[in-house]
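Engineer: Following this message is one structure expressed as C-alpha cells.
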Amino acid sequence: MQSIIQDTKECYLCRLEAERRGYFGTLPGEGLHKHHIFFGPANRKLSEKYGLTVWLCYQHHEGNKGVHLHRPADLSLKGIAQREFEKTHSREQFREIFGKSWLN
Ligand SMILES: [Zn+2]
Ligand SMILES: [Zn+2]
C-alpha cells in the first residue's frame, strides 16, 4: 500500500528539519530508502500493508542520527505513524494489529 504518511518521494525527516528552518522548497528524490516504521519480522509486513512507510535518506535511515541507530528518532516517527493510523482506526485496533501502542 502507498504510504499514508507522505505523498512526495523525499526524505521525510529532511523535510521536517527543512520546514523547521523555514525551507519549503524541493528536496532530493533520489538515493532514498523505504523505511518500514514498525519494523521487525512481523511488523514490517504490517507496516507495508497499512502504509506505515516513509522515504528516508541514508543518514536518517542508517546513519548515527538515523531511525535504526537513534532511538529518539525511531520513537518520534512511530508516534507520528500511529497518530496518522488512528485518524481512520481506533487505538484498540492499532494495539490488536501491532501488539502494543507507542502512544500512552
Ligand atoms: Zn534525511
Ligand atoms: Zn528502515
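Here, each number is a calculation from the coordinates, and none is a lab measurement. Fair warning: this is a prediction, and the values are worked out from it, not measured in the lab. Quick reminder, even Gly has a Cβ in these numbers, built from the backbone with ideal geometry, and neighbours come from all protein chains shown.
Engineer: Can you tell me the dipole magnitude for the chain around its Cα centre, using point charges on the Cβ only (Lys, Arg +1; Asp, Glu -1), in Debye to the nearest 20?
Structural biologist: Here the chain has a charge dipole of around 240 debye.
Engineer: Further, regarding this structure: Along the charge dipole of the chain, which of Leu56, Phe39, Tyr23 sits closest to the positive end, that is, farthest toward it, with unit charges on the beta carbon of Lys, Arg, Asp and Glu (+1, +1, -1, -1)?
Structural biologist: Phe39
Engineer: Once you list every other residue whose beta carbon is under 9 Å from the beta carbon of Gly29, what net charge do they have if Lys and Arg are +1 and Asp and Glu are -1?
Structural biologist: Its environment carries a net charge of -1.
Engineer: What are the radius of gyration and Dmax of the stretch 19-62, computed over its Cα atoms and given in Å?
Structural biologist: Cα only, the stretch 19-62: 12.9, 38 Å (Rg, Dmax).
Engineer: Between Gly31, Gly79, Gly51, find the one with the highest GNM mean-square fluctuation for the chain; connect C-alpha pairs within less than 10 Å.
Structural biologist: Result: Gly31 has the largest fluctuation of those listed.
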